[in-house]
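The values are calculated or read from the model by the stated rules, or taken from the named source; none is laboratory data. Note that the coordinates shown come from a computational prediction; the quantities given were computed from them, not determined experimentally. Glycine also receives a Cβ, built like all others from the backbone with ideal geometry; neighbour counts cover every protein chain displayed.
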Amino acid sequence: MIFREVEDRDLIAKARQGDVEAYNLLVSRWEKRIFNYLLRLVSNREDALDISQDTFLKAYQNLRKLDDPARFSAWLFRIAHNEAYSLLRRRKPDNELIGEPRPKDFGGRMLPMELSLAVESALKRLSEDQREAVLLKVYQGFKFDEMAVILDCPVSTVKSRLYTALDLLKTTLAPAVFAKARGVS
Amino acid sequence: MSCKLEDARPDWKAYTLGELDAPARREAEAHAAACSACQEEAAGWRVTLDAMAVLKEEELPRRIAFVSDKVFEPTWWQRLTQGFLRPSFAAAGVIAAAILVHAFVRPAGAPVNLSPQMSASAIEERITAQVTAQVAERLRAEMAAAVNTAVTKAVADTEKRDDQRTASLLAATERRYADAADYLNKQVTHMYALNTGAGVR
């Protein structure tokens, strides 16, 4: 991980000096994570791809404004967050989760695909703030202080959103998760 | 079953998420060893997070356009403001010179085929190619004319020299022929005189 961070720093330094290939390498290194983060956030593949594109374009245009290259990932996710929320705000009426169906009764033994669908459904039932906190922590592995930078809020707010989301997820997934853990058929 | 520490019990969410530092982690584990309620809570969070991990990352449907792609190219005004005094200024000079040369050498009936959608570099290439072709064509024509003139002059000079030489040779031959005829005539006259005795005695 330390080696990887050093490599990113090096690539950023080169990209700042106009080395396009260095930035291309950064894009190829981060595009999958950014895309998946955005995909779970906006729940639409084309939108996620478009926002990913915009994120890397804005990052390239503003690379000189990045104060600490060691915090490139948080900075990049911050840009992605802003782009995603810009889109979500524009499409708010279409994006309400009121009509989201409740998860089925996952009482029996679950196949990985079924469990995957159950998790996806449970994530969609969270508020946008809560879901994003889960995505950044559970799926992207950011620390609380990095999440605070990305979400532009205090660490206490980050923890509050995340813990509330985890409580909801645990409750929602309990039937499925514990049936799987016990091997109930 | 409940934990006797109540509100002071370890933060099992933070523990499972890896947010506790080493001392807090050891303390939590020591407590859980003797607390079945906390063991159950920690296990519950572990199972929940393991279940969430089944959601796999998806592959991108297509690659993100890199900065070398068209989409990342700066707009015309960015190029203008960022690169005005850089080497591209020299390139602009070359383009201007090419346009001037082109205007000078371009025949009236041969307009450059440009469309508003073409980029500056494409226009430069198109103009440069056309100017180069026309200059080359003109050079070829001028070279051919010069060569023709030189050859014609050389041929004329040669023919003139040949004519003069022929005339000179002819005159010399005529002179030799006249001399020989005169000599022969004198010899015949002399022999006739000897044979007839006329005027010889």
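Within the stretch A:71-82, the set of residues being in contact (Cβ under 8 Å) with a residue 40 or more places away in the chain and more than 19 Å from A:GLY18 (Cα to Cα) comprises A:ARG71, A:SER73, A:ALA74, A:TRP75, A:PHE77, A:ARG78, A:ALA80, A:HIS81.
How many residues does the stretch A:15-66 contain that are part of a helix (DSSP H, G or I) and either more than 7 Å from chain B (Cβ to nearest Cβ) or touching a residue at least 40 places away in the same chain (Cβ under 8 Å) (or both)? Summing the residues that are part of a helix (DSSP H, G or I) and either more than 7 Å from chain B (Cβ to nearest Cβ) or touching a residue at least 40 places away in the same chain (Cβ under 8 Å) (or both) in the stretch A:15-66 gives 32. When the stretch A:138-161 is limited to residues that are free of Cβ contacts under 8 Å to residues at least 60 places away in the same chain and in contact with a Phe, Trp or Tyr (Cβ under 8 Å, 6 or more places away or on another chain), the one that is nearest to the other protein chains (Cβ to nearest Cβ) turns out to be A:LYS159. Could we say that B:ALA154 is hydrophobic (A, V, I, L, M, F, W, C) and at pLDDT 85 or above here? In short, no. A count restricted to the stretch A:115-131 and to residues that are within 13 Å of chain B (Cβ to nearest Cβ) and of a type outside the set (A, V, I, L, M) stands at 5.
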